[in-house]
Amino acid sequence: MRTVVMKFGGTSVADATAITQLISIVGRALESGAAPVVVVSAMSKVTDRLLGLAEAASAGRTDVVRDGLEELSSRHRDAALRLLGTSSGPLALEIEREFAELGAVLHAIDVLRHAHPRALDRVAAAGELLNSRLVAAALREHGLDAEFVDARSVLMTDASHGQAAPLAEPTREAAAASLLPLVAARRIPVIGGFVGRAPDGATTTLGRGGSDYSAALIGAAIDASEIQIWTDVDGMLTADPRIVDEPRLVRQLSFGEASELAYFGAKVLHPSTILPAVARNIPVRILNSRRPDVEGTSITGSPADDDRPVTAIACKRGVTVVDVTSTRMLMAYGFLRRVFETFEHYRTAVDVVTTSEVSVSVTVDDRRRVPEIVAALREFADVNVEEDMAILCVVGENLRRRSDTASRVIGALAAFPLRMVSQAASRRNLTMVLADSAVPDAMKHLHDELFEMAVRS
């Protein structure tokens with residue numbers, strides 16, 4: 001049996017119209033002989049709204065909480081009525097119960113004037129719990145045998161509220177118990193992404209991008225044939241469409257290329273999404289729910305067999321460069337260890353690293369603890385900080401096969417002063433750090449050199 005995990009993001013389940021399209025897509029999958037497992041996000045913007053209500057409750061703004069709950073409840077009841085018509089009564093009661101529980105949590109936050117991470121997780125999870133119930137009922141109303149499955153009975157995590165880490169083996173056991181019997185019976189499990197359960201039974205969330213991650217975790221747990229990420233774009237593109245006009249669709253790329261592009265700013269995938277798929281060698285396909293006939297992007301263990309110089313360009317903006325120079329002797333023994341231990345101590349990830357005879361330069365995109373890091377580094381080094389920088393990253397398996405590509409990339413950016421240049425050990429990416437203000441022109445120029453000129457020639 002070909003089991004396919006089909007994950008639908010917020011814009012693909014934003015309202016009754018979007019959910020109607022989802023029903024059509026799932027129906028087509030069934031007709032093709034696939035056994036779908038449907039994973040859904042909250043309706044578009046709902047999670048942000050819920051967290052805003054938690055913040056309002058912490059500040060004692062009961063009127064804002066009351067109005068917000070009514071607005072969100074109305075939005076879900078409205079969608080239920082449009083999708084189910086006169087059959088929406090039982091679902092309306094479930095929606096009412098969920099909002100009553102949500103209201104109780106927000107009231108507790110109001111009384112305490114503090115939102116504990118555990119309470120925040122329960123609030124944030126409500127969007128997925130509501131929408132998975134709604135989608136399951138809508139599928140049934142349209143003649144598809146679907147069943148709501150509470151994500152907290154499938155995705156087992158640790159107790160790190162707000163950014164919970166999945167527990168692979170318990171999740172595999174839970175999925176075998178709750179999902180596989182439904183799949184075997186040709187029923188469609190519908191589960192909310194992003195949400196899990198801690199060992200003590202508390203609701204947890206996986207953090208932003210967690211719905212994609214959930215889909216990959218579930219796919220790995222049930223040994224799915226394919227994981228599909230349904231979104232509002234045609235797939236992975238050769239560059240950010242907000243910067244480059246008419247970038248090209250990348251039809252196939254490797255797991256390694258996709259990981260690099262996601263990490264360095266490609267918005268289609270969360271960086272962690274494909275790791276469970278990689279572990280099980282499960283193909284991931286990115287598809288457009290608004291244009292389901294478009295081929296999309298296939299991500300597999302093997303790179304595409306073609307002669308393109310690179311696969312795509314990504315950028316990460318708003319980064320900070322930290323230069324660290326030894327004050328005792330040139331790159332003294334233990335110096336680099338102390339530098340990176342400092343970043344580790346303050347739980348701040350480093351993206352790009354370059355070294356010279358006298359110093360090491362790194363980039364970070366999380367500035368929250370930079371002042372503390374700088375103070376600690378200055379105990380044994382001179383430190384300089386440069387803000388408003390960006391990383392431009394060129395990714396492609398052919399970077400290591402074609403010796404001329406790296407020089408071509410650097411040559412194309414001759415007019416743009418580069419602050420740092422680095423190539424990873426895998427030789428799959430080439431990263432350049434430059435002023436954030438230069439990114440739009442630099443990316444357009446580089447894209448023209450690597451993609452448009454190749455077509456014209």
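The values are calculated or read from the model by the stated rules, or taken from the named source; none is laboratory data. Note that the coordinates shown come from a computational prediction; the quantities given were computed from them, not determined experimentally. No Cβ is skipped: glycine too gets one built from the backbone with ideal geometry, and neighbour counts run over all protein chains shown. Accessible surface areas use protein heavy atoms only, side chains included; no ligands, DNA or RNA. Shrake-Rupley method; radii C 1.70, N 1.55, O 1.52, S 1.80 Å.
Reported count of residues in the range 149-167, each being within 17 Å of Ile222 (Cα to Cα), out of contact with any Leu (no Cβ under 6 Å at 6 or more places or on another chain), free of Cβ contacts under 8 Å to residues at least 60 places away in the same chain and of a type in the set (A, V, I, L, M, F, W, C), is 2. With the requirement that a residue be at negative phi and modelled with pLDDT under 95, what does the range 194-207 give you? The answer is Leu206, and nothing else.
Among residues of the range 356-369 that are touching a residue at least 12 places away in the same chain (Cβ under 8 Å), those with a Cβ under 9 angstrom from a residue that is part of a loop (DSSP other than H, G, I, E, B) and open to solvent by 90 Å² or more (accessible area, probe 1.4 Å), sequence gap 6+ or separate chain, pair up as Glu357/Leu330; Val358/Leu330; Asp366/Arg347; Arg369/Arg347. Can you name every residue in the range 199-224 that is surrounded by fewer than 24 Cβ atoms within 10 Å (Cβ to Cβ) and more than 23 Å from Val46 (Cα to Cα)? Matches in the range 199-224: Pro199, Asp200, Gly201, Ile222, Asp223.
Only a single criterion out of (1) closer than 30 Å to Val383 by Cα; (2) open to solvent by less than 20 Å² (accessible area, probe 1.4 Å); (3) over 19 Å from the mean Cα position of the chain (by Cα) is not satisfied by Ala304, namely (1).
Residue-by-condition table, conditions (1) open to solvent by 10 Å² or more (accessible area, probe 1.4 Å); (2) at positive phi; (3) hydroxyl-bearing (Ser, Thr, Tyr):
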position: Lys7; (1), (2), (3): yes, no, no
position: Ser12; (1), (2), (3): no, no, yes
position: Ala16; (1), (2), (3): no, no, no
position: Glu31; (1), (2), (3): yes, no, no
position: Leu50; (1), (2), (3): no, no, no
position: Leu53; (1), (2), (3): no, no, no
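Would you confirm whether or not the range 218-236 contains a residue that is in a loop (DSSP other than H, G, I, E, B), free of Cβ contacts under 8 Å to residues at least 40 places away in the same chain and farther than 20 Å from Ala175 by Cβ? Checked against the condition, which is being in a loop (DSSP other than H, G, I, E, B), free of Cβ contacts under 8 Å to residues at least 40 places away in the same chain and farther than 20 Å from Ala175 by Cβ, the range 218-236 yields no hits at all. Residues in the range 245-267 that are among the aliphatic types (A, V, I, L, M) and buried (at least 21 other Cβ atoms within 10 Å of the Cβ) were compared, and the one that is farthest from Ala424 (Cα to Cα) is Val250.
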